[in-house]
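Let me begin by presenting the structure, written as structure tokens, before commenting on it.
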Amino acid sequence: MAENAYREIITKAICGKGKKFSQSAHTVTPTHKPTNILGCWVINHKYKTTYHKDAVIVDGTYDINTWYSYNNNSKTEVVCETVSYHDRVPLTLRDKQVISDQVDVTCRALQEPNCLEAKISPNGNKVVAQVEREFLVEVIGETKVKVQVDDDGLIRAEADDDEDLDKELDGLDSEFLTDDDKEED
């Protein structure tokens with residue numbers, strides 16, 4: 001291997017990765033005192049991300065729709081509440097060779113928010129919904145990559161080529177025609 005057999009390339013690459021699974025209990029307040037929970041589902045999930053040196057913050061909202069019966073199971077109603085969350089996803093893989101603080105963050109929900117269980121609270125007038133979610137985040141930034149170069153691909157200048165060029169340049173008449181001579185004519 002020659003001493004020039006390695007090159008440093010600056011490129012965009014994944015410079016950090018993290019994944020987080022979380023569960024949250026949300027309290028939904030229906031308009032009537034529930035008798036039974038007939039169903040609960042999560043819709044309209046929206047989120048945005050913010051990069052910090054060692055983590056990505058995911059802030060989002062979703063609607064929890066709870067279908068319940070009241071008046072001793074004689075009537076039903078659906079109550080919808082929008083709830084928010086704040087998840088800190090630690091970066092378990094980080095590249096120390098990141099050149100710039102300007103990075104792009106991608107975030108993908110591996111598990112969209114999903115209601116695991118909904119039950120009537122102990123005081124009997126609210127519903128507690130247990131929701132799970134999971135995110136995968138990637139930080140993309142400029143970094144240095146060192147690559148090995150094939151010796152056969154390197155072209156080296158020979159010392160004889162430089163001497164031949166110098167001889168040819170010495171033989172030229174430097175006073176042949178100058179810009180000053182052109183102006184006098």
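All of the numbers you see were taken from the coordinates with simple rules; none came from a lab. Since the model is a prediction, treat every value here as computed from it, not as a measurement. Quick reminder, even Gly has a Cβ in these numbers, built from the backbone with ideal geometry, and neighbours come from all protein chains shown.
Modelled spin-label separation between R94 and S69, with each label point placed 7 Å from Cα along the Cα-to-Cβ direction: 5.4 nm. Within segment 116-130, which residues have the backbone N less than 12 Å from the label spot 7 Å out from E77 along Cα→beta-carbon, could you tell me? Answer for segment 116-130: 126. All other residues whose Cβ lies under 12 angstrom from that of P30 are scored, Lys and Arg at +1 and Asp and Glu at -1, for a net of +1.
Label reach from N36 (point 7 Å along Cα→C-beta): in segment 114-154, amide nitrogens under 17 Å belong to 118-121.
Starting from the Cα gyration tensor of segment 1-134, take the square roots of the eigenvalues, sort them a ≥ b ≥ c, and report rounded, prolate or oblate (rounded when a/c is under 1.5, otherwise prolate if a/b is larger than b/c, else oblate). Since a/c reaches 1.5 and a/b is larger than b/c, the shape of segment 1-134 is classed as prolate.
Lysine pair count for segment 7-144 with Cα-Cα distance under 14 Å and sequence separation of 8 or more or different chains is 9.
With a Förster radius of 30 Å applied to the beta-carbon distance between K19 and H45, the computed FRET efficiency rounds to 0.95.
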